[in-house]
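Got a structure for you, written out below as structure tokens; questions coming shortly.
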Amino acid sequence: MPSAQPTLSVTPLPDAPFGAVITLPADEQDPAFLSEANFKKLYDAVHEHLVVVIPGQKDIAPQSQYLLTKRFDPTCEGAYGHSKEFRHEKSVLRRDGHSTPAQPQVQILGQGRHDGHAGVADLELRHPTHMSFHHAPLSDEDMAKGYTRFYRWHIDSALYELAPPVATTLLGIECPGAATSSQTIRYEDTGEELSTAQAATAFASGAAGFERLSPEEKEFALNTTVVYAPHPYIFISPAKATSDGLTMVSEGKELPLDELPEWEDSKVKRLPLVWTNPVTGKHHLQAHGCCVWKLETPEGTYELEKARETLHKLMRPNIGPSSIYCHNWEEGDLVIFYNRGVWHSVTGQFGPDGSRLMHQCNIASGRDPVCVK
Ligand SMILES: [Fe+2]
């Protein structure tokens, strides 16, 4: 009698609208080197549960994290999900992350000084906060009471020239205080509040976002293309975001197109508003509301302000407290999320002595997502 094969198990997260915990087989503890059969289970779990957590991975090397991330997309050629404009002096992403020298596609994120980590002698990290990005940030008084916001709901993607990554891996290496410090996300429009651990990562399901649309909205979404601005993170840099982090306030502050780094129309991203999950066949409402430029709809082209308002109206119902999953980080958590099926946001802020260390990896795909009607 052959002995039973050790296998990977998938357990839905308790008390969460989606997400799962993965237990690795005893003899396959490095997730980058799973057998074909076990990787297939992991691949399917990421597409079905959208966010999966593999605990106990604190020491996974950047090279392994890269290989694991790359394995989710046979079409990707290995470039980081953002182009070199990621570091442009005007980009809203310029201070987010620092490449690991051994594997430049793996970014170091976090807060505070971590000199010497991954061979980087001088490493100061800054957790992105809503204070520098929102049009009307919380007052110091409210933040002292523990209030925070969703920083920016997004899909990891350059949204210019490169195709959106299939999966993102996010590793919590040092997350002190996450288990003991809480924060409260405040929804300014409804007054609702959501309590989470400090600097939790928030996720919303694009599938749930599509499902909750009215029949008319579904029809509209299935037939709409989102056009992203050229070098979108530079384009929006003088503008500020709405208090829910879903889109930008339209005040005409965007950088004029002729002041952007060189761009060409053929590299402007035109992506469907609905992306079809290749494993489940479900439709996901997927848009980066801060970077949208125009919407090409059945009624004609919507320009910037109307495009933002339209996406906001479609997306806002899907980020309510009971609809989202907030990952409260524990040291060693390796989170893998289906970047083409969820929206996610940083939350929280740290005090002057705050410290956190994480590794993130995503890789530009070789193909754009598609809507299969
Ligand atoms: Fe992200």
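For segment 143-193, enumerate the residues that are buried (at least 20 other Cβ atoms within 10 Å of the Cβ), hydroxyl-bearing (Ser, Thr, Tyr) and part of a strand (DSSP E or B).
Across segment 143-193, the qualifying residues are 148, 160, 168, 169.
Which condition does residue 293 not pass, out of (1) more than 16 Å from the ligand (Cβ to nearest atom); (2) in a loop (DSSP other than H, G, I, E, B); (3) not assigned by TED's automatic domain parsing to the domain that holds residue 141, if it passes all the others?
That leaves (2) as the condition not met.
Here is a follow-up. Quick one: count up the residues across segment 35-61 that are closer than 24 Å to residue 328 by Cβ and part of a helix (DSSP H, G or I).
Residues that pass the stated criteria total 6.
Quick check on segment 196-207. Is at least one of its residues surrounded by fewer than 20 Cβ atoms within 10 Å (Cβ to Cβ) and at pLDDT 95 or above? Can you show your working first?
So in segment 196-207, the residues surrounded by fewer than 20 Cβ atoms within 10 Å (Cβ to Cβ) come out as none.
No, segment 196-207 has no match at all.
Please go through segment 340-373 and give me each residue that is more than 16 Å from the ligand (Cβ to nearest atom) and closer than 18 Å to residue 138 by Cβ, ordered by number.
Filtering segment 340-373 down to residues more than 16 Å from the ligand (Cβ to nearest atom) leaves 349-355, 357, 366-373.
Of everything in segment 340-373, those that are more than 16 Å from the ligand (Cβ to nearest atom) and closer than 18 Å to residue 138 by Cβ turn out to be 349, 350, 351, 352, 354.
Does any residue in segment 300-312 that is of a type in the set (Asp, Glu) come within less than 7 Å, Cβ to Cβ, of a residue that is assigned to a loop (DSSP other than H, G, I, E, B) six or more places away or on a different chain, and which pairs are these?
305/250
Of 265, 189, which residue is under 30 Å from residue 72 (Cα atoms) and more than 22 Å from the chain's Cα centre (by Cα)? Quick ask: steps written out before the conclusion?
Values: 189 fails: under 30 Å from residue 72 (Cα atoms).
Just one listed residue meets the conditions, 265.
Next up: Does residue 65 satisfy being buried (at least 19 other Cβ atoms within 10 Å of the Cβ) and in a helix (DSSP H, G or I)?
Numbers: buried (at least 19 other Cβ atoms within 10 Å of the Cβ): yes; in a helix (DSSP H, G or I): yes.
Taking the combined requirement at face value, the residue satisfies it.
Next up: Pairs under 7 Å by beta carbon, first residue more than 17 Å from residue 32 (Cβ to Cβ) in segment 161-178, partner polar (S, T, N, Q) and within 16 Å of the ligand (Cβ to nearest atom), six or more apart or different chains?
From segment 161-178, the pairs are 161/83; 162/83; 163/365; 164/157; 164/339; 164/365.
May I ask you to verify whether residue 281 is more than 18 Å from the chain's Cα centre (by Cα), assigned to a loop (DSSP other than H, G, I, E, B) and without any contact (Cβ under 8 Å) to a residue 24 or more places away in the chain?
Values: more than 18 Å from the chain's Cα centre (by Cα): yes; assigned to a loop (DSSP other than H, G, I, E, B): yes; without any contact (Cβ under 8 Å) to a residue 24 or more places away in the chain: no.
When the stated conditions are applied, residue 281 does not pass them.
Same structure again: Tell me the residue from 49, 88 that is without any contact (Cβ under 8 Å) to a residue 40 or more places away in the chain, at negative phi and surrounded by 15 or more Cβ atoms within 10 Å (Cβ to Cβ), please.
On the way: 88 fails: without any contact (Cβ under 8 Å) to a residue 40 or more places away in the chain.
Step by step, each of 49, 88 is checked, and only 49 is without any contact (Cβ under 8 Å) to a residue 40 or more places away in the chain, at negative phi and surrounded by 15 or more Cβ atoms within 10 Å (Cβ to Cβ).
The values are calculated or read from the model by the stated rules, or taken from the named source; none is laboratory data. These figures come from a predicted structure and were not determined experimentally. Virtual Cβ from ideal backbone geometry, glycine too; neighbours counted across all protein chains shown.
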